[in-house]
Amino acid sequence: MQIPIKFNNEEGTPEWGLIELQGDLESRNGSRMENKFVGDLHFQKNGTPILIIGHHILHGKVQKLETPLAVMKKIDSNGTHLNGIDSNGTDLDGIGFLDQKDSKKNVEYEILVVISRKMIFKIRPKPIVVAHDNKV
């Protein structure tokens with residue numbers, strides 16, 4: 001599963017990246033996870049990403065993508081933004097992917113951002129355990 005995110009790089013400028021999880025992320029009741037809160041993303045002082053999902057913690061690392069990805073917005077010949085649809089039929093609010101059918105129309109693609117890094121979490125999640133002091 002890959003999740004696009006926005007964060008600031010070392011220079012403090014906004015940048016997009018990906019979060020890559022090894023395995024499946026499922027809800028308890030089996031509902032879809034679009035536009036839902038998944039967890040908290042934090043960075044240690046050395047830049048190591050930490051993802052907290054529920055009562056589990058995942059430690060990851062930042063990697064440079066071998067091939068950068070472009071996030072594009074589809075625009076027709078009139079300058080109107082067209083809604084993009086991903087391979088699952090999900091509306092991407094104007095973010096689209098190059099389609100052979102579009103090459104026959106007067107369609108342009110505006111590059112919004114280039115994604116060059118990802119945070120990968122491939123180590124099994126560890127439970128967060130809190131020790132309670134029962135002394136009163």
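Just so it is clear, none of the values below were taken in a lab; they were calculated from the coordinates. The model shown is predicted, which means the values in this text are computed figures rather than measured ones.
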Which ³J(HN,Hα) values, rounded to whole Hz and listed in residue order, are derived for the stretch 42-51 from phi using the Karplus coefficients 6.51, -1.76 and 1.60 in 6.51 cos²θ - 1.76 cosθ + 1.60 with θ = phi - 60°, glycine and proline given as x? 10, 10, 6, 4, 7, x, 6, x, 10, 10
Across LYS64/LYS126; LYS6/LYS36; LYS73/LYS122; LYS64/LYS122, pairs whose alpha-carbon gap is larger than 21 Å: LYS64/LYS126; LYS73/LYS122
Could you pull out every residue, at least 5 positions away or on a different chain, whose amide H is within less than 5 Å of the one on VAL113? Hs are placed 1.01 Å off N in the peptide plane, and Pro or chain starts have none. VAL71
